[in-house]
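The values are calculated or read from the model by the stated rules, or taken from the named source; none is laboratory data. Being a predicted model, the structure only gives us computed values, none of them experimental. Positions of Cβ are generated from backbone atoms using ideal geometry, with glycine treated the same way; all protein chains shown enter the neighbour counts. Protein only, heavy atoms only, side chains kept; ligands, DNA and RNA dropped before computing areas. Shrake-Rupley method; radii C 1.70, N 1.55, O 1.52, S 1.80 Å.
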Amino acid sequence: AQKQIEVQVQRDPILEADANHNLEAAQHYFKAKKAYKAVLMRFEETFAAYPDYSKMDEFIYLAAMSSYYLSQNKGSQKFETNTSEEDKKKYAPEKLREDAIAYFSMLIEKFPQSRFKPDAEKVLKELQSKK
């Protein structure tokens, strides 16, 4: 029988701590404040700096749900008319839906064991049926 080779990812304790802080802030923005743009900003910053974060599945899930909710104009951070052109494109409902689909798909594909996978599959199905 072949031995199962387990891939051990070396985690940087400083980056891990920083990512934990960002995730905690994002959880607070998501649950308590419904500040979905703030969640996305924290996610983008962490994903760019430290994609190997140990709880990235949860972070991707929060980003996916935030994109999904923003596409439906939900949350406390409303779309302002004086927004920059860049933000208008970034937060356009169609773009947010595409982002949500991409994030849910990434979560399902990269983290098949994630506890967020069943929920991600459910919302992804719903998003894809509305296309």
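Take the residues in the range 102-114 that are free of Cβ contacts under 8 Å to residues at least 24 places away in the same chain and not hydrophobic (A, V, I, L, M, F, W, C); name whichever of them is nearest to Leu40 (Cα to Cα).
In this case the residue turns out to be Ser105.
What number of residues within the range 108-131 are under 17 Å from Lys55 (Cα atoms), open to solvent by less than 100 Å² (accessible area, probe 1.4 Å) and not polar (S, T, N, Q)?
Restricting attention to the range 108-131, the residues satisfying the condition of being under 17 Å from Lys55 (Cα atoms) are 108-120.
Cutting the leftovers down to open to solvent by less than 100 Å² (accessible area, probe 1.4 Å) gives us 108, 111-112, 114, 116-120.
Filter again for not polar (S, T, N, Q), leaving 108, 111-112, 116-120.
Residues flagged as under 17 Å from Lys55 (Cα atoms), open to solvent by less than 100 Å² (accessible area, probe 1.4 Å) and not polar (S, T, N, Q) within the range 108-131 amount to 8.
Could you please find all residues in the range 27-39 being touching a Ser or Thr at 6+ places or on another chain (Cβ under 8 Å) and free of Cβ contacts under 8 Å to residues at least 40 places away in the same chain?
Keep residues of the range 27-39 that are touching a Ser or Thr at 6+ places or on another chain (Cβ under 8 Å), which gives 30, 33-37, 39.
Of everything in the range 27-39, those that are touching a Ser or Thr at 6+ places or on another chain (Cβ under 8 Å) and free of Cβ contacts under 8 Å to residues at least 40 places away in the same chain turn out to be Phe30, Val39.
Does the range 39-46 include one or more residues that are open to solvent by 10 Å² or more (accessible area, probe 1.4 Å), at pLDDT below 95 and farther than 18 Å from Phe104 by Cβ?
We begin by selecting, within the range 39-46, every residue open to solvent by 10 Å² or more (accessible area, probe 1.4 Å); these are 41-42, 44-45.
Next, only the ones that are at pLDDT below 95 stay: none.
No, every residue in the range 39-46 fails to be open to solvent by 10 Å² or more (accessible area, probe 1.4 Å), at pLDDT below 95 and farther than 18 Å from Phe104 by Cβ.
Looking at (1) within 26 Å of Glu94 (Cα to Cα); (2) crowded, with 21+ Cβ neighbours inside 10 Å, which one does Tyr53 not meet, given that it meets all the others?
For Tyr53, the failing item is (1).
I need the full set of residues from the range 73-101 which are in contact (Cβ under 8 Å) with a residue 12 or more places away in the chain and open to solvent by less than 70 Å² (accessible area, probe 1.4 Å), in order please.
Answer for the range 73-101, where residues must be in contact (Cβ under 8 Å) with a residue 12 or more places away in the chain and open to solvent by less than 70 Å² (accessible area, probe 1.4 Å): Gly75, Gln77, Tyr91, Leu96, Arg97, Asp99, Ala100, Ile101.
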